[in-house]
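Novice: Sharing a structure here in structure tokens format.
The values are calculated or read from the model by the stated rules, or taken from the named source; none is laboratory data. Since the model is a prediction, treat every value here as computed from it, not as a measurement. Every residue, glycine among them, receives a Cβ derived from its backbone with ideal geometry; neighbour counts consider all protein chains shown.
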Amino acid sequence: MDLKSILLGLEDLKVKGNIDINVKNIKNNSKDVEENDMFVAIKGFETNGHEHIMDAIKNGAKVILAQENEFDKNKIKEFPEDIVLVLTKDTRYALAIVACNFYKNPSKKMKLIGVTGTKGKTTTTYMIRDILQKQGIKVGLIGTVASYVGDKKIADNENTTPESLKLQEIFSKMLEEKCEAVVMEVSSQSLKLERVAGCDFDIGVFTNLAEDHISSKEHQDMEEYFSSKVKLFKMCKKGFINADDVYSITIPKLVPECQFSTYGIDNHCDLLAKDITVTNQYVDFKVKLGDKNERVKVSIPGRFSVYNSLAAIFVSMQFGCKSENIKEALENIRVPGRSELVENKLGLTIMIDYAHTPESLEKILSSVKIYTKGRVISVFGCGGDRDKNKRPMMGEASGRVADYTIITSDNPRTEKPEDIIMDIEKGTKKTNGKYECIVDRVEAIKKAISMANKKDIIVLAGKGHEQYQEINKKRYPFDENLIVNKIIDEMVENKKK
């Protein structure tokens, strides 16, 4: 593609060299660069691409896009004569725009739905996808678990929202597969780091906001966290927001150019759920679908499922989805790692859930406590190198709600798991809840299973869909579904002996 077309939409550029050239591909990792590529230098949290510009040139890069305040101008002397240098104020933003141009703006050719919020993003996107598919609409899905066209996985995702270059490539594949719509999770980090800049969103959804992602590597405070999420609605034509969330109801005043509607349970709104029933297998409620009040059954239990369903219903109504398709899709919904019940030989009720904030942990434990005849056994930890303030809060939440808490490891990353557990334990000690600490997560799960009976429920919180455990910058296989069944298989075999 010609360089002039790739740079369209970028302003205040400083260029050295002849821009009448063609670019084979765009890369932001110098190791991946090949002959006639453009290399975009990004300053990351751990590495700085500007330090690898000469490596990119040696690998064949013919165009260098660098950030003005990061570029060492002395390096120009080392550049071969045929290298084009383009300087910009922000290469993260520039990368997103050139990626859109390079892949010919695929998001403009499909209906794009973005879902943001602290909790509920994954479940809501799956619900939207399943309803639209039931209506006969071909849908792409991008999120925490992976990227799909229909039910076919096309990419694993390292981040909830992929980096801009990867994101546009995925959009392009979805367009090739003739997707009419794409529903995606839009994380606060992706908005802050300009990963979705240039995307043409038709609809934005805001689920809720709770304390999370506050750390030196993510957001400085709740104000920055919220303002990052609000950016989505500056890119949308329509916005659907949770009327029961104190943060989301302020968004319309912040973004008057977006057309907003509301959904909820407790407050006045455009789409209201009434007469809610929660069991250990499902939740159902009444809601107006078209001209009729209909009863909707959702196969993910909990009050939070009502909110996620309302958001999905609202979006699907914009596509003219029939009420029977909405109801059938929600009744059969399955989301990996979100209130996921694990079938097992002992007939125990074991739930895997991604809850990893104080509020989400308290909500899932409180939800299951309502319908559980026996004890609620909570197994959870906290991630390392992340918001330390939430650790004692999560310990307190579990100690207060669960009948028994086992504090263990999550993804310790570069921290000592024992230190993380001590932080959590400070909160648990404030309650009268029974608890113990087991550093090894497999052993913690084993202990929970060994003490449970058929009236109890075990909630394995924090890992959810993740199939790894990150320790000292390495990811080790850790699929809780498989681990649970392996433990139970061994217990069954030992009983036979």
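Novice: Just checking, which of Ser188, Ser164, Ser172 is modelled with pLDDT of 95 or more and in contact with a Phe, Trp or Tyr (Cβ under 7 Å, 6 or more places away or on another chain)?
Specialist: Only one candidate passes the filter, namely Ser172.
Novice: Scan region 99-113 and give yes if some residue there is aliphatic (A, V, I, L, M) and either in contact with a Pro (Cβ under 7 Å, 6 or more places away or on another chain) or within 19 Å of Asn308 (Cβ to Cβ) (or both), otherwise no.
Specialist: yes
Novice: Can I ask one more? Keeping to region 1-42, report how many residues are under 14 Å from Cys100 (Cα atoms), part of a loop (DSSP other than H, G, I, E, B) and aliphatic (A, V, I, L, M).
Specialist: Of the residues in region 1-42, 4 are under 14 Å from Cys100 (Cα atoms), part of a loop (DSSP other than H, G, I, E, B) and aliphatic (A, V, I, L, M).
Novice: Output the number of the condition that Lys119 fails; it satisfies all remaining conditions of (1) basic (Lys, Arg); (2) surrounded by 23 or more Cβ atoms within 10 Å (Cβ to Cβ); (3) at pLDDT 95 or above.
Specialist: (3)
Novice: In region 474-488, how many are within 19 Å of Pro412 (Cα to Cα) and in contact (Cβ under 8 Å) with a residue 40 or more places away in the chain?
Specialist: Final tally of qualifying residues: 2.
Novice: Yes or no: Ala444 over 28 Å from the mean Cα position of the chain (by Cα), modelled with pLDDT of 95 or more and closer than 21 Å to Met351 by Cβ?
Specialist: No.
Novice: Could you check region 360-381 and list, in sequence order, the residues that are in contact with a Pro (Cβ under 9 Å, 6 or more places away or on another chain) and modelled with pLDDT of 95 or more?
Specialist: The one that is in contact with a Pro (Cβ under 9 Å, 6 or more places away or on another chain) and modelled with pLDDT of 95 or more: Gly381.
Novice: Here's a follow-up. Out of Glu158, Glu177, Glu185, I need the residue that is surrounded by fewer than 22 Cβ atoms within 10 Å (Cβ to Cβ) and touching a residue at least 12 places away in the same chain (Cβ under 8 Å). Which one?
Specialist: Just one listed residue meets the conditions, Glu177.
Novice: Among the listed residues Asp291, Asp221, Asp244, identify the single one that is within 24 Å of Ile364 (Cβ to Cβ), outside the structural domain of Ile352 (by TED's automatic domain parsing), surrounded by fewer than 18 Cβ atoms within 10 Å (Cβ to Cβ) and charged (D, E, K, R).
Specialist: Unique residue meeting the criteria: Asp244.
Novice: Of everything in region 286-338, what is farther than 25 Å from Ala146 by Cα, of a type in the set (A, V, I, L, M, F, W, C) and in a helix (DSSP H, G or I)? Give them in sequence order.
Specialist: Hit for region 286-338 is Met317, nothing else.
Novice: Checking the condition surrounded by 20 or more Cβ atoms within 10 Å (Cβ to Cβ), in contact with an Asp or Glu (Cβ under 8 Å, 6 or more places away or on another chain), hydroxyl-bearing (Ser, Thr, Tyr) and not assigned by TED's automatic domain parsing to the domain that holds Thr144, which residue from Ser367, Ser409 passes?
Specialist: Ser409
Novice: Here's a follow-up. Report yes if Ala355 is crowded, with 23+ Cβ neighbours inside 10 Å and within 14 Å of Gln133 (Cα to Cα), otherwise no.
Specialist: Criteria not met by Ala355.
Novice: Still on this structure: Name the one entry in Lys446, Lys455, Lys426 that is crowded, with 19+ Cβ neighbours inside 10 Å, of a type in the set (Lys, Arg) and either touching a residue at least 24 places away in the same chain (Cβ under 8 Å) or not in a helix (DSSP H, G or I) (or both).
Specialist: Lys446
Novice: Taking into account only those residues within region 25-42 that are surrounded by 14 or more Cβ atoms within 10 Å (Cβ to Cβ) and farther than 17 Å from Tyr93 by Cβ, which is farthest from the chain's Cα centre (by Cα)?
Specialist: Asn36
Novice: For region 339-409, which strands (runs of 3 or more DSSP E) that fit wholly inside it have 1 or more residues that are in contact (Cβ under 8 Å) with a residue 60 or more places away in the chain and among the small types (Gly, Ala, Ser)?
Specialist: Result: 376-380.
Novice: Here's something else I'd like to know. Give the residues of region 393-406 that are buried (at least 20 other Cβ atoms within 10 Å of the Cβ) and farther than 25 Å from Thr207 by Cα, sorted by residue number.
Specialist: Matches in region 393-406: Gly399, Ala402, Tyr404, Thr405, Ile406.
Novice: Filter region 294-308 down to residues that are crowded, with 20+ Cβ neighbours inside 10 Å and of a type in the set (Ser, Thr, Tyr) and give me whichever is farthest from Ala243 (Cα to Cα).
Specialist: That would be Ser305.
Novice: What strands (runs of 3 or more DSSP E) lie completely within region 143-249 and have 2 or more residues being out of contact with any helix residue (DSSP H, G or I) (no Cβ under 7 Å at 6 or more places or on another chain)?
Specialist: In region 143-249, 152-155 are the strands (runs of 3 or more DSSP E) which contain 2 or more residues that are out of contact with any helix residue (DSSP H, G or I) (no Cβ under 7 Å at 6 or more places or on another chain).
Novice: Now for a separate question. Within 19 Å of the chain's Cα centre (by Cα), under 30 Å from Leu341 (Cβ atoms) and modelled with pLDDT under 90: which single residue out of Glu224, Glu211 fits that description?
Specialist: Glu211
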